[in-house]
């Protein structure tokens with residue numbers, strides 16, 4: 001039996017969709033990860049206004065932006081994130097720990113609102129969120145990061161919804 005101090009959630013994680021690392025320089029990170037993991041193709045996005053909207057940080061509306069690179073490694077999405085502007089959970093991570101593992105994500109929930117409610121009820125609030133999608137679109141990919149660092153040895157948990165609304169990458173990067 002687990003101690004009472006460990007939050008108990010009534011959430012089943014169907015998969016780990018994504019493993020993400022914060023880096024100081026995206027191109028350098030892609031080159032390093034490619035060299036070790038054999039990845040030769042990345043999709044690169046700039047998450048910034050106007051495509052990045054409805055941003056929150058630590059429970060308040062907040063401006064931040066980031067560049068990210070995504071690839072597939074063995075059926076799992078690998079993401080590298082370079083913070084661009086504004087304070088965020090990525091800049092916090094770099095200041096406290098340097099580059100490294102930042103979060104894992106599950107993007108396969110049937111009811112994201114129920115998952116958010118479960119995490120918050122267990123005291124693991126949303127620490128950053130936003131929506132990313134085509135400029136002028138009503139919908140986009142919504143994402144939520146939860147304050148799980150204490151419970152998961154420094155790792156944050158993320159979920160996202162509406163991944164079909166992800167726009168085409170800003171560029172591709174081949175190593």
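No value in this document is a laboratory result; all are computed from the given coordinates. Just so you know, these numbers come straight off a predicted model, no measurement behind them. Heads up, the Cβs are rebuilt from the backbone with ideal geometry, glycines too, and the neighbour counts pull from every protein chain shown.
Observations, loosely collected:
- Within segment 82-175, the percentage of alpha carbon pairs spaced more than 19 angstrom apart rounds to 50%.
- Extension gain from residue 37 to residue 16, taking 0.36 nm per residue of separation minus the Cα-Cα distance: 5.7 nm
- Extension reserve of the residue 137-residue 56 stretch, reckoned as 0.36 nm per residue once the Cα distance is removed: 27.2 nm
- Residues 97, 102, 62, sorted so that the one with the fewest Cβ neighbours within 10 Å comes first: 97, 62, 102
- Helix 26-37 and the longest principal axis of the Cα set of the chain meet at an angle near 80°.
- Along its first, second and third principal axes, ordered by size, the chain spans 48, 39, 31 Å in Cα coordinates.
- Three semi-axes of the equivalent ellipsoid, segment 93-139, Cα gyration tensor, whole Å, largest first: 23, 20, 11
- Tensor-based shape of segment 3-95 (alpha-carbon gyration tensor, a/c under 1.5 rounded, otherwise prolate or oblate): oblate
- Counting other Cβ atoms within 10 Å as a rough exposure proxy, the listed residues 148, 159 run 148, 159 from fewest neighbours to most.
- The order of 115, 141, 22, 175, going from fewest to most other C-beta atoms within 10 Å of their C-beta, is 175, 141, 115, 22.
- Three-way shape label, segment 3-50, alpha-carbon gyration tensor, a/c 1.5: prolate
- The chain, helix-only ellipticity at 222 nm - DSSP H runs n ≥ 4, -39,500 (n - 2.57), divided by all residues, nearest 500: -5500 deg cm²/dmol
- When every Cα-Cα distance of segment 48-113 is counted in 10 angstrom steps from zero, the calculated P(r) takes the values 17, 42, 37, 4 percent.
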